[in-house]
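Notes follow once the structure below has been shown.
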Amino acid sequence: MATALLPRKVSMITIQREIDRIRAGLSFHSVYNLQKALGVPLEQVASVLGMSRATLHRRKLQGKIDEHESERLVRYERLLKQAKNVFGSAEDARKWLNHPQPGLAGTVPIKFAVTEIGAREVENLLGRLEYGVYS
């Protein structure tokens, strides 16, 4: 019986570590990684993370971003990962995330995903595309 519960317990430990990492604030280097992965200017990444230009500069000097910005960054990492799985390459995922999508009323997915609700809708659309459901 205890063996059957092990995978869920390991999963919860992983989730708790991720929550702790977000609460502590991610390194500013992860902002650069996201910028490179999305292929957009740093100012656009700052915008979707909810940072002004001044805040972006301050975070760069501090070397880390705050909890809320970290949570948003992890949201975009999650979308990138799902898009890579659906489209088969980082380049195709990047293109899709940066172009208007009819299934999102013509909105660009990275802009649609600024809120958690928007990100869920992008995930839903990716899921429909993955399984060939008309969107």
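The values are calculated or read from the model by the stated rules, or taken from the named source; none is laboratory data. What you see is a predicted model, and the numbers here were worked out from it, not measured in a lab. FYI the Cβ positions are ideal-geometry reconstructions off the backbone, even for glycines, and counts take in every protein chain you see. We work out accessible area using only protein heavy atoms, side chains counted, and drop any ligands, DNA or RNA first. Shrake-Rupley method; radii C 1.70, N 1.55, O 1.52, S 1.80 Å.
Taking the stated definitions as given, is residue 108 crowded, with 17+ Cβ neighbours inside 10 Å, touching a helix residue (DSSP H, G or I) at 6+ places or on another chain (Cβ under 9 Å) and among the β-branched types (Val, Ile, Thr)? Taking the combined requirement at face value, the residue does not satisfy it. Close Cβ contacts (under 6 Å, 6 or more residues apart or on different chains) running from residues in segment 54-65 that are modelled with pLDDT of 95 or more to residues that are assigned to a helix (DSSP H, G or I) and of a type in the set (Gly, Ala, Ser) comprise 56/46.
Can we say residue 60 is within 17 Å of the chain's Cα centre (by Cα), surrounded by 13 or more Cβ atoms within 10 Å (Cβ to Cβ) and assigned to a helix (DSSP H, G or I)?
Working: within 17 Å of the chain's Cα centre (by Cα): no; surrounded by 13 or more Cβ atoms within 10 Å (Cβ to Cβ): yes; assigned to a helix (DSSP H, G or I): yes.
Considered against the rule, which asks whether it is within 17 Å of the chain's Cα centre (by Cα), surrounded by 13 or more Cβ atoms within 10 Å (Cβ to Cβ) and assigned to a helix (DSSP H, G or I), residue 60 comes out as no.
Selection over segment 7-50 of residues that are assigned to a loop (DSSP other than H, G, I, E, B) and either free of Cβ contacts under 8 Å to residues at least 60 places away in the same chain or of a type in the set (S, T, N, Q) (or both) gives a count of 6.
Of these, 93, 119, 113, 83, which one is touching a residue at least 60 places away in the same chain (Cβ under 8 Å), open to solvent by less than 40 Å² (accessible area, probe 1.4 Å), of a type outside the set (S, T, N, Q) and over 17 Å from residue 27 (Cβ atoms)?
Numbers: 93 fails: touching a residue at least 60 places away in the same chain (Cβ under 8 Å); 119 fails: touching a residue at least 60 places away in the same chain (Cβ under 8 Å); 83 fails: touching a residue at least 60 places away in the same chain (Cβ under 8 Å).
After ruling out the rest, the residue left standing is 113.
Scanning segment 22-53 for residues that are open to solvent by 60 Å² or more (accessible area, probe 1.4 Å), under 19 Å from residue 116 (Cα atoms) and within 15 Å of the chain's Cα centre (by Cα) yields one hit, 47.
Checked against (1) at pLDDT 95 or above; (2) open to solvent by 70 Å² or more (accessible area, probe 1.4 Å), residue 133 meets all criteria but (1).
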